Structure formats: structure tokens, C-alpha cells
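Heads up, the thing below is written out as C-alpha cells.
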Amino acid sequence: MSNSKGTFVLLSLGANLGNRLAALQTAVELLQTEANLYEVCSSYVYETEPVGYKNQPSFLNIAVCGSTFLSAKEFHAISKKIEQKIGRQNRVQWHEREIDIDILLFGSEIIQLEKLILPHPCMEERLFVLVPSADIASETLHPISGKSISQLLDECADTAEVIKTELQLKI
């Protein structure tokens with residue numbers, strides 16, 4: 001949905017190395033200043049078990065939504081620069097992350113590029129994505145399935161542990 005208020009963006013952020021909460025906080029602040037994300041809302045902070053490669057620390061995960069006047073490609077490029085600025089190192093897929101910023105939804109856009117697929121291709125399969133997303137965007141519709149985030153959460157077969165923490169971001 002792009003309009004005079006910009007395009008709605010739903011993001012999943014995670015970190016499992018270093019000061020995880022500080023990395024999430026810094027990422028949200030940089031998304032606001034560098035990716036022009038406004039009307040920002042954050043989910044609760046969740047402690048989650050790793051997916052794929054299990055022999056690594058647990059993650060802190062959040063969902064963040066807001067609006068932007070940038071294009072999906074511009075927003076994606078800036079989010080990758082923010083990851084680098086926070087200190088993300090290139091590692092094998094599913095391994096540790098200083099920070100990970102994934103665009104889940106960008107309005108109702110459907111994009112199939114080499115480095116950008118929207119909506120995020122695995123979002124409906126992951127509790128660590130859907131649980132935080134349901135905190136802030138439960139009625140938002142997936143542009144391909146037409147299902148709401150809360151419906152996707154109800155139907156998710158993932159059994160990974162997702163624990164709500166007492167930690168909070170300052171938005």
C-alpha cells in the first residue's frame with residue numbers, strides 16, 4: 001500500500017552475538033534516520049532458538065513496522081548498509097549474526113529479484129518471525145496468500161521456542 005503516507009513496511013530483526021539488545025536498538029534508530037522509516041512501532045523482544053544450525057547462541061528477535069517513501073530496492077540496500085555499520089560479518093547461512101534485518105512485507109508488493117524477494121519467502125514458516133509480527137501487525141494481509149499475520153501464526157507448523165522477554169526498545 002503506497003499512498004500519501006508512504007508504503008507500509010514490516011521487518012524482522014534478530015541478533016545473537018555481542019550486545020543483542022543494543023544491536024536491535026541501533027538498527028531501529030538507523031532505520032529511522034537512514035532509511036527514513038517513520039511511524040515506527042516495535043513488537044515485544046523475544047528470545048528464540050536458532051533455526052538451521054543449532055550450535056550457536058539464542059537470538060533476540062523483534063518485528064518492526066513503519067512507513068517509508070523509499071522504493072523496496074532502496075530500502076533493502078540501506079538496510080544491508082545498516083547491517084554492515086552495526087558490524088555484521090559474512091558467514092554461512094543460518095549461522096551467528098551480529099544483526100539481521102529482513103524485509104517481510106513492503107506494502108502489497110511482490111518482487112522476485114536475485115537479492116530481494118518480497119514478501120519474504122519463509123516468513124509464514126517461522127514462529128520467530130510471526131509471533132513478534134502478530135504483536136504489531138496481526139491483521140496485515142500477506143499479498144500472495146491473502147491471509148492475515150494472525151492466520152499465518154495459527155497455521156504455522158514450526159515448533160521452535162519463542163519466549164517473550166522483559167526487555168524493551170526505546171522507540
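The values are calculated or read from the model by the stated rules, or taken from the named source; none is laboratory data. Note that this is a predicted model, so its numbers are computed, not measured. Neighbour counts are summed over all protein chains in view; Cβ atoms, including those assigned to glycine, are modelled from backbone coordinates with ideal geometry.
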Against the condition in contact with a helix residue (DSSP H, G or I) (Cβ under 7 Å, 6 or more places away or on another chain) and surrounded by fewer than 20 Cβ atoms within 10 Å (Cβ to Cβ), how does Leu116 come out, does it pass?
yes
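Which members of the stretch 71-108 meet the condition of being assigned to a loop (DSSP other than H, G, I, E, B) and touching a residue at least 60 places away in the same chain (Cβ under 8 Å)? Even if it seems obvious, please write down each step before you answer.
Just the residues of the stretch 71-108 that are assigned to a loop (DSSP other than H, G, I, E, B), to begin with: 71, 87-99, 107-108.
Selection gives Gly87, Glu96, Arg97, Glu98, Ile99, Gly107, Ser108.
Residue by residue, here is whether (1) within 25 Å of Ser148 (Cα to Cα); (2) touching a Ser or Thr at 6+ places or on another chain (Cβ under 8 Å) holds:
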| position | (1), (2) |
| --- | --- |
| Ser58 | no, yes |
| Lys81 | no, no |
| Gln89 | no, no |
| His95 | no, no |
| Asp102 | yes, yes |
| Leu105 | yes, yes |
| His120 | yes, yes |
| Met123 | yes, yes |
| Val129 | yes, yes |
Does Leu10 satisfy the criteria of being out of contact with any Lys or Arg (no Cβ under 6 Å at 6 or more places or on another chain), within 21 Å of Arg91 (Cβ to Cβ), surrounded by 17 or more Cβ atoms within 10 Å (Cβ to Cβ) and not polar (S, T, N, Q)?
no
Could you check the stretch 126-159 and list, in sequence order, the residues that are touching a strand residue (DSSP E or B) at 6+ places or on another chain (Cβ under 9 Å), in a loop (DSSP other than H, G, I, E, B) and farther than 16 Å from Phe59 by Cβ?
Ser138, Glu139, Thr140, His142, Pro143, Lys147
Pull up the stretch 155-166, narrow it to residues that are at pLDDT 95 or above and closer than 10 Å to Glu47 by Cβ, then point me to the one that is surrounded by the most Cβ atoms within 10 Å (Cβ to Cβ).
Val162
Among the residues that make up the stretch 46-61, is at least one of them touching a residue at least 60 places away in the same chain (Cβ under 8 Å), under 19 Å from Glu166 (Cβ atoms) and among the aromatic types (Phe, Trp, Tyr)?
yes
Give the number of residues within the stretch 130-171 that are over 23 Å from Val28 (Cα atoms), in contact (Cβ under 8 Å) with a residue 12 or more places away in the chain and among the small types (Gly, Ala, Ser).
4
Candidate set from the stretch 60-74 (those that are more than 13 Å from the chain's Cα centre (by Cα) and not aliphatic (A, V, I, L, M)); member that is nearest to Thr140 (Cα to Cα):
Ser67
Name, by its number, the condition in (1) under 23 Å from Asp135 (Cβ atoms); (2) in contact with a strand residue (DSSP E or B) (Cβ under 8 Å, 6 or more places away or on another chain) that does not hold for Thr26.
(2)
